[in-house]
Amino acid sequence: MAKPIATVALPGGMRVPVLGQGSWGMGEDASVREAEIAALQAGIDLGMTLIDTAEMYADGSAEQVVAAAIDGRRDAVFLVSKVLPEHADRDGTIAACEGSLKRLRTDRLDLYLLHWRGGIPLEETLEGMLALQRAGKIRHWGVSNFDTADLEELEALAPPVPPAVDQVLYSLIHRGIEFDLLPWCRAHGLPVMAYSPIAHGHLLRNPALLHLARQHRVSPAQLAIAWALRQPGMIAIPKAATAAHVAENRAAAEIRFSRQEEAALDRAFPPPARKKPLAML
């Protein structure tokens with residue numbers, strides 16, 4: 001039996017697993033709906049109890065898939081959803097959250113994120129988030145796709161309750177956050193949640209990654225997930241649409257790298273030497 005998944009402490013002390021499950025792409029094809037539900041349920045069974053979704057994904061259908069997967073198991077899950085930036089004024093944030101709660105068939109979210117920066121002032125989004133928290137409809141709030149300057153702007157607002165995470169793109173081919181964003185988050189005690197840690201499969205034919213995967217007797221995807229998880233305070237949320245794929249992702253949490261192996265991957269996927277614009281998918 002695999003050991004329990006390691007955890008990360010959110011601001012305030014609550015701990016969540018470092019390896020969760022994404023749902024981007026789910027809910028788009030009714031013919032695979034049952035397999036998607038089964039995959040999420042298999043992940044919960046394996047300890048991947050953090051499930052990430054959003055109102056944007058399949059126009060809310062992904063949230064409905066998640067709702068079916070957690071039916072009867074809501075208290076075992078740390079549930080994350082997101083508000084679109086065009087909905088993120090005070091009242092719109094509240095209304096969007098209530099829509100997500102309805103689709104997810106639950107009375108609260110464990111974490112609610114602003115999906116990315118838009119034209120609405122952060123003050124208005126923050127007001128909505130704090131109102132939802134006071135009402136007990138969300139336990140924590142946070143942001144997604146925020147770069148260092150965005151987080152500094154948010155910090156200047158001095159929110160009475162700090163954000164819980166910044167969810168950003170991070171993978172071997174998207175390492176820009178290592179230059180300044182990741183150090184900023186560590187210095188401020190803000191966990192980072194990595195989406196698309198295998199970069200939609202774009203890096204899985206890289207010779208260096210394939211060579212190291214053969215040495216570890218794992219798949220390149222597993223190695224890519226493990227590489228993201230090597231960072232302290234990092235949470236990864238790979239998506240898997242089948243139970244077998246979920247089991248592979250879960251096994252990635254047990255992989256460890258030597259310094260020589262990390263150096264080999266640094267040569268194949270060089271870390272940033274300067275500030276880069278925040279990558280997004």
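The values are calculated or read from the model by the stated rules, or taken from the named source; none is laboratory data. For clarity, every value in this text was computed on a predicted model and none was experimentally measured. Neighbour counts are summed over all protein chains in view; Cβ atoms, including those assigned to glycine, are modelled from backbone coordinates with ideal geometry.
Structural remarks
- Residues of the stretch 21-36 that are under 18 Å from residue 55 (Cβ atoms) and crowded, with 16+ Cβ neighbours inside 10 Å: 21, 22, 23, 24, 26, 27, 36.
- Cross-chain or 6+ apart pairs with Cβ under 6 Å, the stretch 132-146 first and of a type in the set (A, V, I, L, M), then in a loop (DSSP other than H, G, I, E, B): 143/163
- Flag for residue 42 being over 15 Å from residue 104 (Cβ atoms), more than 15 Å from the chain's Cα centre (by Cα), buried (at least 20 other Cβ atoms within 10 Å of the Cβ) and at pLDDT 95 or above: yes
- Residue check for residue 228: within 16 Å of residue 22 (Cβ to Cβ), of a type in the set (A, V, I, L, M) and either part of a helix (DSSP H, G or I) or touching an Asp or Glu at 6+ places or on another chain (Cβ under 8 Å) (or both): yes
- Extreme residue, surrounded by the most Cβ atoms within 10 Å (Cβ to Cβ), among residues of the stretch 127-150 that are within 24 Å of residue 274 (Cα to Cα) and polar (S, T, N, Q): 144
- Checking each residue of the stretch 192-209 against the condition of being at pLDDT below 95, assigned to a helix (DSSP H, G or I) and crowded, with 19+ Cβ neighbours inside 10 Å gives at least one match.
- In the stretch 254-281, the residues that are at negative phi and assigned to a helix (DSSP H, G or I) reach residues that are small (Gly, Ala, Ser) and surrounded by 10 or more Cβ atoms within 10 Å (Cβ to Cβ) with C-beta atoms within less than 9 angstrom, at least six apart or across chains, in these pairs: 264/208; 265/208; 267/208; 268/208.
- Residue count, the stretch 231-249 (criterion: surrounded by 22 or more Cβ atoms within 10 Å (Cβ to Cβ) and assigned to a helix (DSSP H, G or I)): 2
- A count restricted to the stretch 195-230 and to residues that are touching a residue at least 60 places away in the same chain (Cβ under 8 Å) and among the polar types (S, T, N, Q) stands at 2.
For every residue, the table says whether it meets (1) farther than 25 Å from residue 241 by Cβ; (2) in contact with a strand residue (DSSP E or B) (Cβ under 9 Å, 6 or more places away or on another chain).
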position	(1), (2)
19	no, yes
55	no, yes
68	no, no
82	no, yes
90	yes, no
93	yes, yes
104	no, yes
109	no, yes
121	yes, no
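- In the stretch 210-230, the residues that are touching a Phe, Trp or Tyr at 6+ places or on another chain (Cβ under 8 Å) and either crowded, with 18+ Cβ neighbours inside 10 Å or farther than 14 Å from residue 265 by Cα (or both): 226, 227, 228
- From the list 20, 13, the one residue that fits, being at pLDDT below 95 and either within 20 Å of residue 163 (Cα to Cα) or of a type in the set (Gly, Ala, Ser) (or both), is 13.
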